[in-house]
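Colleague: Would you mind keeping the following structure in view while I ask a few things?
The values are calculated or read from the model by the stated rules, or taken from the named source; none is laboratory data. These figures come from a predicted structure and were not determined experimentally. Backbone-built Cβ (ideal geometry, glycine too); neighbour counts: all protein chains shown.
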Amino acid sequence: MAITYDKGRKDITFCTMLFKMPAQQDLNALKHMERKFENFYLPSLRKLVETFGRVALWCDCQTAQYLRDAGLDSQIQMRVMDFSDLPHYAERDQWLQILESMRGKTGYLLHHKTPAQWVDYLILIAAKPAVMNWAAENNQFNSEYFMWIDAGSFHPMYAHFWNNWTGRVDATPTRVRITAAPTLGKTRPRFVPKFIHNIYRRWRGPIGPATAQTMARQNLTDIAMINADYDIPASSFMMPRSWVGEFYNTFERTRRIMKKHGLVSTEQAVFQAMMKYDVDGMFEVSYIHGYDGVYAAVAAKNADHLM
């Protein structure tokens, strides 16, 4: 996968993280593919750092040493920590209990997997906004913009994610810039979140979020997961420094609301809920078809306003 970034732009910090999972074999099973830490993630992260420079990274000791041995640590704003030091690890037992209670309900995200297989992965990806907030507060590279890139994104299997990318980041977002891939046959569902928000405003009591389609078919008390008319590819998103703190705080607030309603989810589902409650106009969205061109869509100039 040949990707060349135009480093002429000096105002972006690229944020990511990499930790060896406590049970690596579970992550391989979870992702339906071979994702070995040493052979999949470490080379991908190295390519990411070599391509972009100006990288803010949370990682474990093994990852940090790998990058030092490669002579790349000078390009990285690095925080080295154990997996158990991640922000939500202290809630692990609570998350396991909630995941168990969600089983059998409509929209259950685990399918044939067990909560024990999923929980550490969910703890990991829930830390993305925290990494960006830390990077913006420290701002080692004096950046105006912060762009998330998943550490595994440079593996060849993700080459289609980069389709149509020119090697430049032309976007100068004024809000949180993210991509949405429509589902249920909708091509540009820009008005769906507003419609859902109006439904939410009429709710009373501890009822988990769902789309109008799900609400029409199911007892609301049986909803286990956020369902939406669009997917949020969370492998890349970008925002100005002025929005990073608010994005992080809103993510955590939304996550706590979901947890109160008996929901634990992927970070994409939290983003979906944040969009549905988007009364402050936090997001600008670029719509894509499938997951092709995720990075090109985030890096390009034009975007739609969500509301």
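Colleague: Return a yes/no flag: does the range 244-260 have any residue that is under 18 Å from residue 92 (Cα atoms) and either touching a Cys at 6+ places or on another chain (Cβ under 9 Å) or outside any helix (DSSP H, G or I) (or both).
Modeller: Checked against the condition, which is being under 18 Å from residue 92 (Cα atoms) and either touching a Cys at 6+ places or on another chain (Cβ under 9 Å) or outside any helix (DSSP H, G or I) (or both), the range 244-260 yields no hits at all.
Colleague: Which condition does residue 81 not pass, out of (1) at pLDDT 85 or above; (2) crowded, with 16+ Cβ neighbours inside 10 Å; (3) in contact with a strand residue (DSSP E or B) (Cβ under 7 Å, 6 or more places away or on another chain), if it passes all the others?
Modeller: Residue 81 satisfies every listed condition except (2).
Colleague: Could you grab me the full set of residues in the range 10-58 that are within 30 Å of residue 166 (Cβ to Cβ), exposed (fewer than 14 other Cβ atoms within 10 Å of the Cβ) and at pLDDT below 90? Spell out how you get there, then give the answer.
Modeller: Of the residues in the range 10-58, the ones within 30 Å of residue 166 (Cβ to Cβ) are 10-18, 31, 33, 35, 39-58.
Restricting the remaining residues to those that are exposed (fewer than 14 other Cβ atoms within 10 Å of the Cβ) gives 10, 31, 33, 39.
Result: 31, 33, 39.
Colleague: So which pairs qualify, if the first residue must be in the range 284-299 and in contact (Cβ under 8 Å) with a residue 24 or more places away in the chain and not assigned by TED's automatic domain parsing to the domain that holds residue 182, the second must be of a type in the set (A, V, I, L, M, F, W, C) and in a loop (DSSP other than H, G, I, E, B), the Cβ gap must be under 6 Å, and the two must be at least 6 apart or on different chains?
Modeller: Qualifying pairs under 6 Å: none.
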